[in-house]
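Some notes on the structure that comes next.
The values are calculated or read from the model by the stated rules, or taken from the named source; none is laboratory data. Note that the coordinates shown come from a computational prediction; the quantities given were computed from them, not determined experimentally. Backbone-built Cβ (ideal geometry, glycine too); neighbour counts: all protein chains shown.
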Amino acid sequence: MKNFFSSKIFRFIWSAALAALIYMVCPPCFSKTVLLVLLAVQLLLINMAHIIGSFVIVTHIARVAVGGLFIFSGFIKANDPLGFSYKLQEYFEVFKEATEISILDTIYEWFAHMALPLAVIIVASELVLGIMLLIGFKRNLTLWLLFAQIAFFTFLTFYSACFNKVTHCGCFGDFWKLTPWESFGKDVALMILITLLFAGKENINPLFTDALTGTVFLIGLVVSVAFPIYAYRNLPPLDFRAYAPGMNIKDNMKYPPTYRPDSIETGFIYENLKTGEKKHFNMSNYPWQDTLNWKWAATDNVVIRPAIDAPKITDFNISSLDGANITDSLLNDKNYSFWLVAYDLSKTTDDEVLHAKINDFYKLAHDAGINFVAFTASGPGEISDFKHKYSALYDFATVDGTVLKTMIRSNPGLMLMKNGTVVANWHYNNFPVFSDVKSKLMK
């Protein structure tokens, strides 16, 4: 029996059965023809492994490609682990909305709460696995962990693409934004490459002696864990966002001549009264007259073609507490000004020493005639409680929470502005001294 389970016949049986299962359960959003081709390629690679493995160069090309891409992807996300955790939260919230099972709701809610440590674990594992593959450390363990991680990401990106839930996967952070289908295609390509690695695993050997290989692994492990923690406790060392120092927010809000808006198709989700099935219909085929079998459940707008050359910033608006739009007046302020960004006051760091520093900073800026305003997405009641708790005298304005989380990866964080340009920014762990800022940056 043991020989049968390790035979080529059994390999073909389980691989063909798995391919058939995937083909049958795949939603209609994905082309059955394309799926059939992809499954046929995987079947071929799995069942012809003994032949493919004899081409050593194929294994090494796949090894460098997979290892390099995992390290690159992990590094970009490790550079901004807080931003990646926001993306994970978005995924878990979508999954929670999609399920009707209470225990799964609890699990997804817990995952959303643990998004930040999960983000650090994921990015560190990507970096470590890429290093392990390239140096040939623990070959079998590395391959199975690579497969598990890419299977997880393939599911996430397919779900996002198929059901149009998360429009930007965060695979490469703000450095390179991929659409869900592009992300899924990338993951499928990695799955094929990893299958090639399984086929030629006997060609994957350590690059160095055991002692040196182990040392390189340990160094890589320490750096892979330390780097995202450092980036979280400070600010992203490499800032690819539209609010990075040196960026002009006004320029990033402008629409270029080549801009074309989204092409959106209005659709409807109807529920089948007999089966409970929910199905998407467009304007030409929705069953509005068939009230015996279908009832309207929701309106569902689908992006047929994404915007072309859209501005980097599309949703930046500042409102005073009485509702007035003060965006232009703040962006066009030709003098220096300070923006304190605290997207959610209930989650703002509760450190009396820090808030005393902020209050002192505000007083010195105010005495020097420099504008200082705080931005938050919290409501008037929370703002009032916050000001009372920390004796904050500075003014507040409201901005969308997602925008604030994008502006600076710190709650609170400080930005020095002039005429719409971000001069500098600081994490609350590195809150500056006013005299230093004035002498070094405000000239």
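When the residues of region 428-442 are narrowed to those that are under 17 Å from Gly369 (Cβ atoms) and in contact with a Leu (Cβ under 7 Å, 6 or more places away or on another chain), which ends up surrounded by the fewest Cβ atoms within 10 Å (Cβ to Cβ)? For region 428-442, the residue satisfying everything is Leu441.
Can you say whether Lys77 is basic (Lys, Arg), within 30 Å of Gly200 (Cα to Cα), surrounded by 13 or more Cβ atoms within 10 Å (Cβ to Cβ) and in contact with a Phe, Trp or Tyr (Cβ under 8 Å, 6 or more places away or on another chain), as far as the supplied structure shows? Answer is yes for this residue. Only residues that are in a helix (DSSP H, G or I) and either within 28 Å of the chain's Cα centre (by Cα) or closer than 20 Å to Gly200 by Cβ (or both) were counted in region 21-38, giving 5.
When the residues of region 161-171 are filtered to those that are at pLDDT below 70 and of a type in the set (A, V, I, L, M, F, W, C), the one that is farthest from Asn301 (Cα to Cα) is Cys169. When Glu202, Glu182, Glu126 are screened for being within 26 Å of Leu82 (Cα to Cα), surrounded by fewer than 20 Cβ atoms within 10 Å (Cβ to Cβ) and acidic (Asp, Glu), only Glu182 passes.
One residue stands out in region 197-228 among those that are in contact with a Ser or Thr (Cβ under 7 Å, 6 or more places away or on another chain) and assigned to a helix (DSSP H, G or I): the one that is nearest to Glu126 (Cα to Cα), namely Leu197.
Does Thr213 satisfy the criteria of being modelled with pLDDT of 90 or more, surrounded by 15 or more Cβ atoms within 10 Å (Cβ to Cβ), touching a Pro at 6+ places or on another chain (Cβ under 6 Å) and over 30 Å from Gly83 (Cβ atoms)? Yes: the conditions hold for Thr213. Of the helices (runs of 4 or more DSSP H) lying entirely inside region 70-140, those containing at least 3 residues that are under 21 Å from Thr213 (Cα atoms) span 115-135. Which one of Asn419, Asn359, Asn411, Asn425 is closer than 27 Å to Gly246 by Cβ and surrounded by fewer than 18 Cβ atoms within 10 Å (Cβ to Cβ)? After applying the criteria, what remains is Asn419.
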